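The values are calculated or read from the model by the stated rules, or taken from the named source; none is laboratory data. What you are looking at is a predicted structure, and each value in this text was computed from that prediction instead of being measured. Cβ coordinates were reconstructed from backbone atoms using ideal geometry, including for glycine residues, and neighbour counts include every protein chain displayed.
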Amino acid sequence: MSDATTIRVGGPAPYDVVVGHAVTRELPALLGSGVAQVAVIAPVSLHDFGTSVGKTLGEAGFPVRLIEVPDGEDAKTATVAAACWQALGDANFTRSDAIVGVGGGATTDLAGFVAATWLRGVKVVHVPTTLLAMVDAAVGGKTGINTAAGKNLVGSFHTPAGVLCSLTALETLPGPEWVSGMAEVVKAGFIADPVILDLVESDSASAAVATGPHTLQLITRAIQVKADVVAVDLKETGAVGSIGREMLNYGHTLGHAIEKVEDYRWRHGEAIAVGMVFVAELAALQGRIPHELVRRHRKVLSDIGLPVSYRGDRWEELHAAMRVDKKSRADRLRFVVLDGLGTPVIAESPAPEDLVEAYKRVSERSE
Ligand code: GLY
């Protein structure tokens with residue numbers, strides 16, 4: 001029996017996210033009508049899966065072209081985007097054709113960017129293959145590439161026509177990649193859906209692996225949180241009377257700085273796990289949340305194998321990296337903090353002594 005679950009992402013161009021085992025057969029329906037041919041963009045390491053996605057589409061009657069790109073972040077370059085444009089040109093790709101992006105967040109970011117820019121925008125459907133891409137990158141329409149000036153500085157909002165999350169693909173995901181993605185799932189718990197935290201706490205050993213009993217529910221709940229946010233604030237301009245899409249940045253201000261200072265050797269989820277503990281400490285120092293909620297951050301994250309502390313000798317570098325983060329405004333540091341469980345707000349320009357004390361509390365436990 002199929003366990004396929006559909007989440008509708010609202011907004012000006014609504015679309016469905018289908019999650020479940022063996023859901024590839026849903027792909028033609030997500031592409032919708034009027035598509036003449038399809039280009040599948042997939043990394044070389046996913047050759048077999050990319051080919052099987054192409055086969056499913058071929059059997060549904062679409063002429064398919066497989067465009068293979070480098071693995072991971074190496075795909076998010078202007079050179080690779082230009083090679084994709086060339087392949088689309090060679091195939092006489094028109095506005096009635098569509099792109100399917102298969103892979104982790106780097107590949108779906110690239111595929112979305114190519115789709116956003118070819119003929120000023122063609123249809124794209126994402127088939128994310130990592131937990132991180134399912135609950136974050138593939139949903140919400142952010143696309144982009146990296147340049148010498150920085151990561152994700154070139155890009156566009158381009159809403160997909162659909163997203164297909166195959167839980168079967170997750171069964172071969174390396175353990176640390178699963179755990180990294182779980183940081184974004186837990187983030188969704190703290191900012192909007194505490195049932196996620198209850199589920200993880202009820203059996204953290206199961207939550208630390210892709211085959212746990214709550215996998216489908218954890219993923220659909222995390223996607224629902226993101227869907228609700230991007231439906232009202234796609235372009236991160238801040239919905240009226242609310243923090244809007246920026247809430248998804250919980251833990252990311254320090255997290256991005258750690259990734260940068262560590263030269264991107266830390267996994268994204270590991271860095272934002274530390275970042276979430278940091279902003280929880282900051283919120284406690286500002287009198288917004290009780291210490292018990294800070295302890296809950298540490299426990300839920302560390303119980304599934306995520307780091308909750310960082311070395312104590314990097315404040316200057318982290319502070320400098322946070323000041324140039326693209327989310328800071330006019331040199332003012334902005335942090336998403338909790339005013340209570342499930343109530344994210346912006347703390348702009350927090351007192352420097354609170355920042356230093358929060359860092360101290362995160363680093364104290366690093367030995
Ligand atoms: N990854 C945060 C966002 O999509 O806004």
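Some observations on this one:
- Single match in GLY61, GLY34 (criterion: modelled with pLDDT of 95 or more and either surrounded by fewer than 15 Cβ atoms within 10 Å (Cβ to Cβ) or within 18 Å of ALA87 (Cα to Cα) (or both)): GLY61
- Residue list for the range 223-236, restricted to those being away from the ligand (no atom under 12 Å from the Cβ) and more than 27 Å from HIS21 (Cβ to Cβ): VAL232
- Residues satisfying the stated conditions in the range 47-74, i.e. farther than 15 Å from LEU27 by Cβ, in contact (Cβ under 8 Å) with a residue 60 or more places away in the chain and among the hydrophobic types (A, V, I, L, M, F, W, C): none
- Restricting the range 157-174 to residues that are closer than 27 Å to SER204 by Cβ and free of Cβ contacts under 8 Å to residues at least 60 places away in the same chain leaves a set whose member that is surrounded by the most Cβ atoms within 10 Å (Cβ to Cβ) is LEU170.
- Cβ-Cβ under 7 Å pairs, at least 6 apart or on other chains, the range 335-346 side at pLDDT 95 or above, far side of a type in the set (D, E, K, R): VAL336/GLU246; VAL337/ARG288; LEU338/ARG288; ASP339/ARG288; VAL345/ASP339; ILE346/GLU246; ILE346/ARG334
- Pick from the range 238-263, criterion part of a loop (DSSP other than H, G, I, E, B) and touching a strand residue (DSSP E or B) at 6+ places or on another chain (Cβ under 8 Å), ranking: surrounded by the fewest Cβ atoms within 10 Å (Cβ to Cβ): ILE243
- Restricting attention to the range 1-13, the residues that are in contact (Cβ under 8 Å) with a residue 40 or more places away in the chain and surrounded by fewer than 19 Cβ atoms within 10 Å (Cβ to Cβ) total 7.
- Unique residue being among the β-branched types (Val, Ile, Thr), more than 12 Å from the ligand (Cβ to nearest atom) and crowded, with 19+ Cβ neighbours inside 10 Å when the list is THR211, THR220: THR220
- Subset of the range 271-293 (residues that are more than 16 Å from the ligand (Cβ to nearest atom), buried (at least 21 other Cβ atoms within 10 Å of the Cβ) and touching a residue at least 12 places away in the same chain (Cβ under 8 Å)): VAL274, VAL277, PHE278, ALA280, GLU281, LEU282, ALA283, ILE289
- When restricted to residues that are part of a helix (DSSP H, G or I) and closer than 22 Å to ARG334 by Cβ, the range 288-318 contains 7.
- The number of residues in the range 141-185 that are out of contact with any strand residue (DSSP E or B) (no Cβ under 8 Å at 6 or more places or on another chain) and hydroxyl-bearing (Ser, Thr, Tyr) comes to 3.
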